[in-house]
Every structure is written in structure tokens, then in C-alpha cells.
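Trainee: Sending over a structure as C-alpha cells; questions will come in a sec.
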Amino acid sequence: MRVLAGGIETETNTFSPMPTGLADFEVIRAADLDESEEMGGFGGPFNVFRRRCEERGWEYIFSLYAFAQPAGTTVRAAYESLRDELLQALEAALPVDIVLLPLHGAMVAQGYDDCETDIVGRVRQIVGPNVKIGVELDLHCDVTAELIDDADAVVIFKEYPHTDINERAEELFSIIADAAEGKVKPTMALYDPRMIGLFLTPYEPMRSFVDAMIAREAAPGVLSLSLAHCFPWADVPTCGAQMLAVTDDDPTLAAYLAQEFGQRFFALRHALDPKSLSLDEALDKALTIEARPVVVADQADNAGGGAPSDSTFVLRALLERGVREAALGMIWDPIAVKVAMSAGEGAALNLRLGGKMGPMSGDPLDLNVTVTGIIPDMRQYWTQSDGELAIPCGDSVALHCQGIDIIVNSDRGQVLSPTVFSNFGIDPASKRLLVVKSTQHFYAGFAPIAAEIIYMAGPGAIPPRFTEIPYQRVDLRKYPWLDDPFG
Ligand SMILES: [Zn+2]
């Protein structure tokens with residue numbers, strides 16, 4: 001068998017003030033990789049696909065993988081050039097038996113509301129009806145009927161935080177390999193539970209819902225069950241959750257399972273309402289807790305959802321309240337990083353910090369800080385079910401100001417791990433308060449050390465208050481706009 005793999009991934013927040021251009025994509029091409037070189041970051045599925053092909057003696061062809069940190073709508077020319085490069089690599093590799101596409105599922109470009117449906121449709125046109133196409137998506141995706149028509153199998157992450165990226169790649173490979181060998185014939189169905197929201201899988205009732213999907217996958221004829229959670233900060237007509245079932249040559253069972261699990265999910269809607277507190281409520285609560293550290297998630301300024309990650313609202317409030325023994329990360333401010341690196345470790349200086357990207361970031365803070373650490377090209381290590389992923393943070397510095405350690409970096413990205421602090425010799429477990437700019441991905445690394453976790457919906461680009469999102473193009477006959485959209 002000849003297996004080609006490639007992908008273009010970003011998550012598009014159409015409300016974000018920053019467009020996504022070609023320079024925002026890290027592009028890895030076949031020529032950039034050695035035979036045995038492992039891919040980092042979200043590229044883990046490519047390692048899985050290559051290894052599984054090698055085990056079977058199949059020919060593995062890597063085409064291209066492009067990843068951009070979530071931000072605003074992708075510039076049309078950037079999307080088209082990456083897409084066409086991927087398609088040209090496919091055409092050059094023909095004939096192939098299998099195409100595997102790790103995509104995101106919530107990528108929007110100018111002129112393309114749904115880049116993944118566009119990519120998969122064009123791949124199908126090129127390869128014809130008999131080649132098997134497998135697609136892996138982030139659960140913050142929208143899935144369309146066109147996409148499942150053009151793919152043979154779609155498998156979506158089950159966990160939020162996303163700790164199962166490689167497990168799902170293994171599952172997708174097995175289904176598609178079996179399909180190519182004629183052992184199974186995947187059939188797919190979708191069910192729309194008419195919901196928009198953010199659903200955290202470590203907590204009930206989501207934990208039991210995910211476990212029930214996994215348990216049912218062991219039933220005869222069931223190949224895979226996935227819940228597409230949707231990505232709420234995208235003003236596109238397809239925005240909304242979808243339940244997806246993949247069965248072996250049984251479209252009736254697929255439709256039945258999609259509906260059964262979709263209706264189960266819908267029945268949980270009230271229990272799934274976000275519990276996030278306002279900025280003042282969150283800090284009031286955090287400061288009454290004796291045990292340490294209390295972790296406060298600044299969900300609204302999560303770079304992983306397309307926010308700038310340079311908002312100053314929480315830091316300003318901590319300084320005004322005189323909170324000490326606190327640490328906060330990461331403020332994206334390449335200029336401040338450059339100034340602090342030039343000043344050097346141990347230097348005290350006046351620095352204008354954060355608040356640069358627009359009104360959603362608040363005003364900059366003018367602070368007298370001490371540079372306590374400098375790490376060029378820093379990495380953080382994100383806990384996964386099968387190990388750790390090294391995630392680049394760019395040049396990073398630790399600043400100290402009035403009892404608060406502040407991590408500032410130059411490659412925009414959310415906090416995924418306590419190593420953001422411990423890399424600098426700051427012991428996160430000893431702090432009274434840790435503020436992390438992240439919606440939920442921080443959880444896997446911080447839950448083991450946190451005395452308590454508080455989710456905060458402060459001001460910012462992606463607050464988890466869905467009815468306040470200024471949609472123009474989304475059909476809002478959904479929960480939470482209607483309590484019972486089916487009624
Ligand atoms: Zn996601």
C-alpha cells in the first residue's frame with residue numbers, strides 16, 4: 001500500500017483582531033524531515049502513521065504539515081497556497097491507496113467558511129472514489145455532511161484537554177488500513193444536538209459521556225464514536241456541535257448511534273453550562289483559600305482560542321489588590337522580551353507591558369520590574385496520554401514585580417504546563433496563586449499540583465459567555481439561546 005499524509009491546521013477565531021497570514025504558519029515539508037525524525041507539537045499523528053506503515057511494510061509518503069497558532073481569519077492567498085501545495089504533492093505521489101489528513105476542523109479563510117470540507121473535497125476529486133481517505137480532527141471543530149461524504153472515516157479527539165491526539169491517530173489508522181484491505185467498510189452518520197458551548201471532559205457529566213462513547217465502541221459493528229464540540233468563536237453558518245458515528249457497513253446503526261448519543265448529550269445541556277466566575281469573583285474566591293497553589297485560568301485571553309494573550313486585566317487587579325506570592329503566565333509581548341533580554345538577568349528597569357493588540361487586551365501596564373530569568377527559545381512540556389509534547393514558547397523572560405512573577409514570551413501560545421514557571425526556577429507549587437492564560441489545556445499539567453482550580457471569564461477575546469458573542473451568521477435556534485430548540 002502507498003499511504004500519503006499531510007495537513008494544514010489552525011483554529012480560526014473570526015472575532016480575533018489578528019489575521020492569520022502565511023508567515024504565521026510553521027510549514028514542514030518532506031525535505032525538512034530525516035527518515036526517522038519525529039514531528040513535534042500537534043504533528044504527533046504523523047509519527048503514528050509513519051510507524052504503523054513501517055510495521056506493515058507499507059510505503060509512507062509525507063507531503064506537508066502547516067500549523068499556525070489560533071488567531072483571526074486566514075488570509076485567502078495564504079490558505080490557497082498551502083492547500084494547493086498539499087494537493088500538488090498528492091498529485092505527484094499518485095497512485096496512492098490511502099490519504100490521511102490530520103486537520104483542525106475550525107479553520108476559516110477569506111472566501112472559505114470551512115477549509116477542511118474544501119480540502120477533503122478536493123482530495124477526493126483528485127484520488128477518485130476508491131482511495132481511502134481518513135481525517136483526524138480537533139474536537140473544537142464543525143463537521144459537515146459534505147465532509148463525511150467525501151471522507152471514508154473521520155475520528156475526532158475525545159478529551160479536552162487534548163491528551164489523546166496520538167491515540168485517535170492510532171484509531172484512525174486502524175480503521176482506514178482495515179478499509180483499504182477490505183476488512184471493514186466504514187459508514188458514517190451525523191446528528192445535530194443544536195448546541196454551542198465549551199465542554200470540559202475531566203468533569204462530570206462529560207467524563208461519563210466520553211467513557212460511554214468509548215465503552216460503546218467495543219460493541220459489534222461500531223468502529224468509532226466522536227463528539228464534535230464546535231468552536232464557539234467562529235461566526236460561520238456551520239458553527240455548532242455534532243455527534244458522529246462510524247460503523248462497519250451499517251448506515252442504519254450509524255444513524256441510530258449518532259442520534260442516541262446526540263440526544264444523550266443534549267439532555268446534559270443544563271449541567272454543562274460554564275461555571276466560570278467574573279474577574280473579581282474569581283480573585284475574591286482564590287484569596288479566601290488557604291491551601292496552595294490556587295490556579296486561576298484566564299480563559300478569555302487564551303492564545304489557543306485565538307486571543308492575543310497580552311491582556312492586562314488580571315495582572316492589574318493583582319497589583320491593585322497587593323497580592324504577593326503569585327505567578328502569572330504567559331503575556332505575549334516580544335518587545336518587552338527584547339528589552340528585558342537586552343537589560344540582562346538581574347537588571348531592574350521600567351517596562352511597558354502588555355495591552356498592545358487592541359481594546360480586548362486592556363491598557364498596557366507601566367511597571368518597575370526586575371529581570372529574574374532569561375530563556376532563549378524556551379520549550380514547555382505538555383502532558384499527553386503517551387508521553388509529553390515539547391511546545392515552543394520563543395524567547396522568554398521571567399520578571400518580578402511587587403511579589404508577582406510574570407512570564408513574558410515572544411511566540412504567542414497558551415500555558416500548557418507548570419514548566420512555564422519551573423523552567424525559570426520558580427516553584428509553582430509554592431505559590432499562593434498561579435494565573436494561567438488558558439481555557440482548559442493547562443488542566444492536565446496543573447491538576448496534579450493545584451489545591452483548587454478556578455475558571456475565570458474576565459474581559460478578553462474569547463470569554464466563555466456564548467450568548468454575548470456577536471454572531472451575525474450562525475443559526476441560533478440552539479441551546480443556550482433556546483432552552484429546547486427541538487420543542
Ligand atoms: Zn481544541
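Trainee: Between a residue in the stretch 273-286 that is more than 27 Å from Tyr479 (Cβ to Cβ) and any residue that is in a loop (DSSP other than H, G, I, E, B), which pairs come within a Cβ distance under 8 Å, given they are 6 or more apart or on different chains?
Mentor: Partner pairs satisfying both residue conditions: Leu283/Val323.
Here's the yes/no breakdown for (1) touching a residue at least 60 places away in the same chain (Cβ under 8 Å); (2) more than 22 Å from His441 (Cα to Cα); (3) over 23 Å from the mean Cα position of the chain (by Cα):
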| residue | (1), (2), (3) |
| --- | --- |
| Met1 | yes, yes, yes |
| Leu4 | yes, yes, yes |
| Asn13 | yes, no, no |
| Arg29 | no, yes, no |
| Glu35 | no, yes, yes |
| Gly41 | yes, no, no |
| Asp84 | no, yes, yes |
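Trainee: Name the residues in the stretch 206-225 that are buried (at least 17 other Cβ atoms within 10 Å of the Cβ) and under 22 Å from the mean Cα position of the chain (by Cα), would you?
Mentor: Met206, Phe209, Val210, Met213, Ser224, Leu225
Trainee: Considering only the stretch 234-265, state which residues are in a loop (DSSP other than H, G, I, E, B) and open to solvent by less than 10 Å² (accessible area, probe 1.4 Å). Show your work before the answer.
Mentor: Taking the stretch 234-265 and keeping what is in a loop (DSSP other than H, G, I, E, B), we get 234-241, 249-250.
Within the stretch 234-265, Ala234, Val236, Cys239, Gly240, Ala241 meet the criteria.
Trainee: Report, by residue number, each residue of the stretch 13-46 that is open to solvent by less than 20 Å² (accessible area, probe 1.4 Å) and touching a Ser or Thr at 6+ places or on another chain (Cβ under 6 Å).
Mentor: Residue satisfying the conditions is Thr20 alone.
Trainee: What residue, among those in the stretch 1-45 that are of a type in the set (Phe, Trp, Tyr) and either in a loop (DSSP other than H, G, I, E, B) or more than 16 Å from the ligand (Cβ to nearest atom) (or both), is nearest to Pro308 (Cα to Cα)?
Mentor: Phe15
Trainee: Quickly run through the stretch 149-174 and pick out the residues that are more than 16 Å from the ligand (Cβ to nearest atom) and either at pLDDT below 95 or buried (at least 23 other Cβ atoms within 10 Å of the Cβ) (or both). Write out each step before concluding.
Mentor: The first filter runs over the stretch 149-174 and keeps only residues more than 16 Å from the ligand (Cβ to nearest atom), leaving 149-153, 170-174.
Result: Ala151, Asp152, Ala153, Leu172, Phe173.
Results for (1) open to solvent by 10 Å² or more (accessible area, probe 1.4 Å); (2) in a loop (DSSP other than H, G, I, E, B); (3) more than 23 Å from Gly358 (Cβ to Cβ), shown as yes or no for each residue.
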{"residue": "Glu388", "(1), (2), (3)": "yes, no, yes"}
{"residue": "Gly425", "(1), (2), (3)": "yes, yes, yes"}
{"residue": "Arg473", "(1), (2), (3)": "yes, yes, no"}
{"residue": "Leu476", "(1), (2), (3)": "yes, yes, yes"}
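Trainee: If only one of Phe442, Phe446 is open to solvent by less than 10 Å² (accessible area, probe 1.4 Å), over 19 Å from Gln69 (Cα atoms) and touching a residue at least 40 places away in the same chain (Cβ under 8 Å), which one is it?
Mentor: On the way: Phe442 fails: over 19 Å from Gln69 (Cα atoms).
When all the criteria are applied, what remains is Phe446.
Trainee: Let me ask another. What are the pairs, 6+ residues apart or on separate chains, where a residue within the stretch 125-145 that is under 14 Å from Ser224 (Cβ atoms) and in a loop (DSSP other than H, G, I, E, B) has its Cβ under 6 Å from a residue that is acidic (Asp, Glu) and more than 15 Å from the ligand (Cβ to nearest atom)?
Mentor: Filtered contacts from the stretch 125-145: no entries.
Trainee: Then there is this: Is it the case that Ala89 is touching a strand residue (DSSP E or B) at 6+ places or on another chain (Cβ under 6 Å), open to solvent by 10 Å² or more (accessible area, probe 1.4 Å) and assigned to a helix (DSSP H, G or I)?
Mentor: Values: touching a strand residue (DSSP E or B) at 6+ places or on another chain (Cβ under 6 Å): yes; open to solvent by 10 Å² or more (accessible area, probe 1.4 Å): yes; assigned to a helix (DSSP H, G or I): yes.
Yes: the conditions hold for Ala89.
Trainee: Further question: Within the stretch 24-45, track down each residue that is under 13 Å from Thr10 (Cβ atoms) and hydrophobic (A, V, I, L, M, F, W, C). Walk me through how you get there before you give the answer.
Mentor: Taking the stretch 24-45 first, the residues under 13 Å from Thr10 (Cβ atoms) are 24-27, 41-42.
Within the stretch 24-45, Phe25, Val27, Phe42 meet the criteria.
The values are calculated or read from the model by the stated rules, or taken from the named source; none is laboratory data. From a predicted model like this one, the values you see are computed outputs, not experimental measurements. Heads up, the Cβs are rebuilt from the backbone with ideal geometry, glycines too, and the neighbour counts pull from every protein chain shown. Side chains included, ligands, DNA and RNA excluded: accessible areas come from the protein's heavy atoms. Shrake-Rupley method; radii C 1.70, N 1.55, O 1.52, S 1.80 Å.
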